[in-house]
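Below: the structure, in structure tokens.
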Protein chains: 2
Amino acid sequence: MAQAKKSTLVLVAERAGVSIASVSRVLNGLPASDAVTDRVRTAAAELGYVPDATARSLKVGRTEQIALAVADVGNPVYVSMMREISTVVTAAGYRLVLSSTGSDPRDQIDLLVGLNRGFADGLILSPLRVPAELGTQLRASRFPIVIIGSVPPGVELDNVRADSVAGMALAVDHVADQGRERIAFVNGPVDTVPGAARRNGYLTALRARGLPENADAQVSAKDFTYRAGLAAATRLLEQCTPDAIVCANDLLAIAALNVASRGGLRVPDDVAVVGMDDTDIAELANPAITSVDLGATKRAKAAAELLLRRLDEPDADVQQVVIEPTLTVRASSTRGDTP
Amino acid sequence: MAQAKKSTLVLVAERAGVSIASVSRVLNGLPASDAVTDRVRTAAAELGYVPDATARSLKVGRTEQIALAVADVGNPVYVSMMREISTVVTAAGYRLVLSSTGSDPRDQIDLLVGLNRGFADGLILSPLRVPAELGTQLRASRFPIVIIGSVPPGVELDNVRADSVAGMALAVDHVADQGRERIAFVNGPVDTVPGAARRNGYLTALRARGLPENADAQVSAKDFTYRAGLAAATRLLEQCTPDAIVCANDLLAIAALNVASRGGLRVPDDVAVVGMDDTDIAELANPAITSVDLGATKRAKAAAELLLRRLDEPDADVQQVVIEPTLTVRASSTRGDTP
DNA sequence: AACGTTCTTGTAAACGTTTACAGTCCAGTT
DNA sequence: AACTGGACTGTAAACGTTTACAAGAACGTT
């Protein structure tokens, strides 16, 4: 039935009494006489022959692998992206190679030169930070790359983006519509791409609404994590008394929620909390957290499809997709009549 | 500086005026004269030469890739395992290929025959369910495999296991030591490997403690998810009034926590809640959830190291590692004086 | 001065496929 | 009977490396 030795085309060919070309043809469904087809099929089955992926890759110039690089494999947003990308690319017959680019910006560079070794046919990259050298490396790549997030200046690549400004507006408008006016903001690090974008969105939304910007009502966690969020939210509530807290992240939102309610504030009656990304954990907070979905899975799906398309037609026009955010209202922001 | 065409050994050799063998030797650090070394180095740099991974793999018979197969890329436990495995194997110079084996048991089989195509040098497999055919396929594999979880009967493979019985005992003893006697259990599906093991652990712990088994105090969620947990916990609290709820999972635990507190029960005063796996989310529940760490990251690390070791010495003895569980006590189970 | 060492380099084969090309065979034409 | 064409099959060359082997150079030894 199955065996422990590896068997090759020539073994199958010998056993079937044909040339290796014929074996290859039969196994790839190219035309062959019934007699040869039969002999090859049974020989291959008897030997438990499985074609070698590496040899095939070398010959046809494709690895059937797609690389995915995210900053932190553990982050819930990336997790949902990974899951989505994984299903899309495996459905298309590709394997997924996972690279965690960590916090070291050099990792991204290393990855890109690594990509030029040809271990994958294409790359989906979601950079947290965008150092200058990344741009030059991106431009020098021989392989298709699609970016989740914004591309460095001067780089022409397929990319898919969230609309942070619209997302923040959704959050701010939602609580402002309830008559809340002291809308605070718990951000992540401002020197990251999402951190900068969300800060910009928050300020724009405030301005559009005619609400004052108040420096005391803004804090930045030193990370997009729960721990960092606890510290930031504590700081925030020491320096102001908001009636709504908008957060750059669901983890930060849960932190804010817990700090607030442990501090004796009632959520949502005294203060509303709104998160962002609408990850699974938004639902399991108590009360469940209203969250702006920036379309992580949609972005992931779009990115995967963009890459697959470019692998099909390498010379197609560069495409840019923007995913519109949506608001999922839950108990943390609905006074009185909880849904 | 960098270029868009792929350059090969022969291009570098021509430019340096030496043979491809010399280029290969220089680039691999084998002895060569200073003159040749210099010429090759500069030629390679000028051309932006990067060796082709596929060709190298074909020649040396290694892909420098390790495959990881988990049931659900989205599950927090698997996420932390992934993260750990990712760091260990990349530190050792391997890339990580991710396969989600989903719920379809055929996926695992497909993966194993796929592995025989040689796209990876080894596999780390964490099967949720273990159909009979999996055993025969595992035995037939030409490549090193390490199992996270228990191995099918008759299969000799490196593996690393959690000690569910000890873990459950930790949970049950913890609440029983507080004088709680009506200790309920929210499990996941019993037809899964962890589901069965945890159920067994719960019953064993109860017995060891001299506590009665009560069918009404046990429910199984149809999934290890929060949603399923809500339904199961609701059912549980309709059919009994426990003073402690032990859960097979942190997600299930948070569900139980929320159902209980929304039902007017005070946690931990009226009822203690204990989770399992000690994932990140245990900490962000309110109150934070006491959880038994079954050592997911330790298991992941051990599995990765086992695989690396076997890749080094293929004929080493089969090794089996058991990770001891630990209990992290948090607010959800500590009456009165919260830590 | 001839010889053995040692060090360096080139030639060529191999890894396991795919595929262009040429050859064979056979049927159908003229 | 010779010829054309089609359908099939085999030969051999790639893909880009690594590496066994042999050949050559440089050197010290007798």
Check: Over chain B, what relative contact order in percent results from Cα pairs under 8 Å that are six or more residues apart?
Finding: 16 percent
Item checked: Estimated FRET transfer efficiency (residue B:177, residue A:19; beta-carbon r; R0 56 Å; 0.05) -> 0.15
Check: What are the aspartates and glutamates whose alpha-carbon lies under 18 Å from the alpha-carbon of residue A:298, with same-chain residues fewer than 8 places away excluded?
Finding: A:84, A:158, A:163, A:250, A:277, A:278, A:280, A:324
Check: How crowded by other chains is A:250-258, given as the mean number of beta carbons from other chains within 10 Å of each beta carbon?
Finding: 2
Margin query: Counting only other residues whose beta carbon sits under 15 Å from that of residue A:28, what net charge do I get with K and R as +1, D and E as -1?
Written below: +4
Item checked: Cα centroid separation, the range B:1-55 to the range A:149-164 (Å) -> 35 Å
Check: Taking the Cβ of residue B:84 as the center, what net charge do the other residues with Cβ under 10 Å away carry, scoring Lys and Arg +1 and Asp and Glu -1?
Finding: +4
Margin query: Using the crude model of +1 on Lys and Arg Cβ and -1 on Asp and Glu Cβ, and no other charge, please compute the dipole size for the range B:1-128 relative to its Cα centre, in debye to 20.
Written below: 420 debye
Next item on the list: Can you check what the net charge comes to around residue B:94, using other residues whose Cβ is under 9 Å from the Cβ of residue B:94 (Lys, Arg +1; Asp, Glu -1)?
Entry: -1
Next item on the list: Give the calculated FRET efficiency between residue B:113 and residue A:297 to the nearest 0.05, with a Förster radius of 41 Å applied to their Cβ-Cβ distance.
Entry: 0.85
Note to self: Give me B:57, B:80 sorted ascending by neighbouring Cβ count inside 10 Å, so fewest comes first.
What the structure shows: B:80, B:57
Notebook entry, point to check: Assuming R0 = 51 Å, what is the FRET efficiency of residue B:241 and residue A:129, from their Cβ-Cβ distance, to the nearest 0.05?
Noted result: 0.45
Checklist line | Furthest towards positive pole of dipole, A:251, B:296, A:31, structure part the protein assembly as shown, Cβ charges | finding: A:31
Checklist line | Extent along principal axes [Cα atoms of the protein assembly as shown; Å; largest to smallest] | finding: 77, 65, 52
Item checked: Shape category assigned to the range B:141-183 from the gyration tensor of Cα positions, a/c cut at 1.5 -> prolate
Check: Looking at A:237, A:82, A:286, which one has the Cα that reaches farthest to the positive end of the dipole of chain A (charges on Cβ: Lys, Arg +1; Asp, Glu -1)?
Finding: A:82
Next item on the list: Let me have the 222 nm mean residue ellipticity of the protein assembly as shown computed from DSSP H runs of 4+ only, each contributing -39500 (n - 2.57), with the sum over all residues rounded to the nearest 500.
Entry: -14000 deg cm²/dmol
Notebook entry, point to check: What percent does the relative contact order of the range B:36-123 come to when contacts are Cα pairs within less than 8 Å and at least six residues apart?
Noted result: 36 percent
Next item on the list: With a cut-off of 14 Å, note down the residues of the range B:7-23 whose backbone N falls inside the zone around a label point 7 Å from the Cα of residue B:34 toward its beta carbon.
Entry: none
Item checked: Given chain A, longest segment not containing exposed loop GluC sites (Glu not before Pro) (DSSP; at most 11 other Cβ within 10 Å) -> A:1-155
Notebook entry, point to check: Is the range B:218-306 best put as rounded, prolate or oblate by its Cα gyration tensor, with a ≥ b ≥ c the root eigenvalues, rounded for a/c under 1.5, and otherwise prolate when a/b is larger than b/c, oblate when not?
Noted result: prolate
Item checked: Globularity index of the range B:2-104, i.e. its alpha-carbon radius of gyration over 2.2 N^0.38 Å -> 1.51
Next item on the list: For chain A, count all C-alpha to C-alpha pairs, find those more than 30 Å apart, and express that count as a whole percent of the total.
Entry: 48 percent
Check: In whole angstrom, how far apart do the alpha carbon centroids of the range A:189-215 and the range A:219-280 sit?
Finding: 16 Å
Notebook entry, point to check: Want the number for residue B:6 to residue B:62: 0.36 nm per residue separation, take away the alpha-carbon distance, what's left?
Noted result: 17.9 nm
Notebook entry, point to check: Given the pairs A:6/B:59; A:59/A:301; A:301/B:301; A:59/B:5, which span a C-alpha to C-alpha distance of over 20 angstrom in this model?
Noted result: A:59/A:301; A:301/B:301
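No lab work stands behind these numbers, since they all come straight from the coordinates. Fair warning: this is a prediction, and the values are worked out from it, not measured in the lab. Here the Cβ is made from the backbone with ideal geometry for all residues, glycine too, and neighbour counts use every protein chain on show.
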